[in-house]
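Written out below as C-alpha cells is the structure these notes cover.
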Amino acid sequence: SLNPCSVSVLSTMSFKVCVCGGAGGIGQPLCLLMAMDPRVAELSIQDVAQAMVPAAGVSADLSHLDTACKVKGYAIDTAKPPKEQLEECLKGCHLVLVPAGMPRKPGMTRDDLFNINAGIAKGIAEACAEFCPNAVLALIVNPVNSVVPAIAELYKKWGKDPKKVVGVTTLDCVRASKFVAESAGGNAADIQVPIIGGHAGATIMPVLSQTTPKVDLKQDQIESLDKRIQDAGTEVVEAKNGKGSATLSMAYAGARLGKAVLTGLAGGRATEFAYVQSSVTDLPYFASNVVFGTNGVQEVLDIGELSEYEKGRLEEAKTQLKAEIEKGIEYAASN
C-alpha cells in the first residue's frame, strides 16, 4: 500500500506524452483520453502532412478542453526522415504511443503490410532513440507480433534499451473481460482474463482457467470464448462494412496501457498484459503480465499454471509466433 506522502507525489507528477498517428482513427480518441488524464501536462500529436485531418486541427480541437494539458500538433513530410522533423515534438517525452501505419487493404498480404508498417515504425523509433531514448515506446502498429521484435532489436543495435519497446495487446484483455462477463455473468470491469502469447489469430491465447474472480466455464464455452477473443477484430471490421476497424475500443485499450505506464513512472506499481522482450518461455518476445515501474517495464511475470487444453493451445500459439518474431528479427538485422 502507498503511504499518503507518495500518493500526493503520484498525483502531482506530470508527464509529456506523444501520440504518433494522432490524427487517425485510433489516434484521435486516444489523444482525447490521454488529454483527459490529469498527469499529462503536455501532449504532442504527430501525424503525416497528408493525413485526412491535420494534426494541427486535432490539436486545436483538444486545446479547448478545460484541462491543464498543453496540446500541440506536428505534421511531418513523408519524403524526409522523421528524425529530421520531430525534435521539438519528442524532446522530453516520457511515453510515446504509436497507433501509426497502414491498415491491411484488400489483396494485401501480411508480408506487404509488415514491410510498409515496419518502415513507418522504424522512422518513428529512430526519432525517439535520438530525442527521448528513455521514453516508453508503446506500439500499436500491425502486425504487432513482428513489428515489436523488429523495433526492439533495432533499439539494441542502436545501443538503446529494448525493454523500452512495448507491444500493446491490452485490447485482447478488454474484450476477454467483456465476453466472459456476457457468457458467465458478472461485471466486465471486475473480471480479469490473462491473455498471453501474441496479438494476432491463434497467437492470442486467453488463459481462462486463471480468470479472476474464478469463473466456472464448460469446455465448449472455453473453446467458443477462445475463438471469439481471437476473431474479435473481424467482428468489428464486418460490422463497419469494410469502412474501418476497431478504433474506439483500441484507443480505450491503448489509453489503459498508457495510464499503467504513467502510474509506474510516477513511482506507483501497475500491471498490464503487454508484448515485450521476455524470458518466460523459450521465445524472445511474448505477451504476459508486466509490472510497470519508474523505468517502464520493471518485471515480466510468469504465465502460471495452465490447464491441459491451454498447454496444447500454448504450443500452437508459440509455433505461429516464433515465425512472426523471426521475421521482425530478420528485418532489424538487414536495416
Completion exercise
Those residues of the range 148-177 which are open to solvent by less than 10 Å² (accessible area, probe 1.4 Å), in a helix (DSSP H, G or I) and not hydrophobic (A, V, I, L, M, F, W, C) amount to P149, Y155, T170, D172
Fill in the blank from the handout: Selection over the range 11-28 where residues are within 13 Å of V58 (Cβ to Cβ), open to solvent by 30 Å² or more (accessible area, probe 1.4 Å) and assigned to a helix (DSSP H, G or I) yields a count of 1
Completion exercise
Per the filter on the range 235-247, residues closer than 20 Å to G101 by Cα and surrounded by 12 or more Cβ atoms within 10 Å (Cβ to Cβ) are V236, V237, K240, G244, S245, A246, T247
Exercise for the section: Using the structure shown, decide if A51 is hydrophobic (A, V, I, L, M, F, W, C) and either under 23 Å from A255 (Cβ atoms) or modelled with pLDDT under 95 (or both). Expected result: yes
Problem - Looking only at the range 293-335, and only at residues there that are of a type in the set (A, V, I, L, M) and assigned to a loop (DSSP other than H, G, I, E, B), the one that is most open to solvent (accessible area, probe 1.4 Å) - result: L301
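Results for (1) open to solvent by 60 Å² or more (accessible area, probe 1.4 Å); (2) in contact (Cβ under 8 Å) with a residue 60 or more places away in the chain; (3) under 15 Å from C173 (Cα atoms); (4) touching a helix residue (DSSP H, G or I) at 6+ places or on another chain (Cβ under 8 Å), shown as yes or no for each residue.
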residue	(1), (2), (3), (4)
G201	no, yes, yes, yes
I204	no, yes, yes, yes
Q219	yes, yes, no, yes
S249	no, yes, yes, yes
K259	yes, yes, no, no
A266	no, yes, no, yes
A274	no, yes, yes, yes
V291	no, no, no, yes
Exercise for the section: Would you point out the residue of the range 178-199, among those that are surrounded by fewer than 19 Cβ atoms within 10 Å (Cβ to Cβ) and either in contact with an Asp or Glu (Cβ under 9 Å, 6 or more places away or on another chain) or modelled with pLDDT under 95 (or both), that is nearest to V141 (Cα to Cα)? Expected result: A188
Fill in the blank from the handout: A careful count of residues in the range 276-289 that are open to solvent by less than 10 Å² (accessible area, probe 1.4 Å) and of a type in the set (D, E) gives 0
Exercise for the section: For the range 79-95, enumerate the residues that are without any contact (Cβ under 8 Å) to a residue 60 or more places away in the chain and more than 12 Å from Q46 (Cα to Cα). Expected result: A79, K80, P81, K83, E84, K91
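The values are calculated or read from the model by the stated rules, or taken from the named source; none is laboratory data. Worth saying up front: this structure is predicted, and the values here are computed from it rather than measured. With ideal geometry, Cβ positions are generated from the backbone for all residues, glycine too; neighbour counts draw on all protein chains shown. Heavy atoms of the whole protein, side chains included, go into the accessibility calculation; ligands, DNA and RNA do not. Shrake-Rupley method; radii C 1.70, N 1.55, O 1.52, S 1.80 Å.
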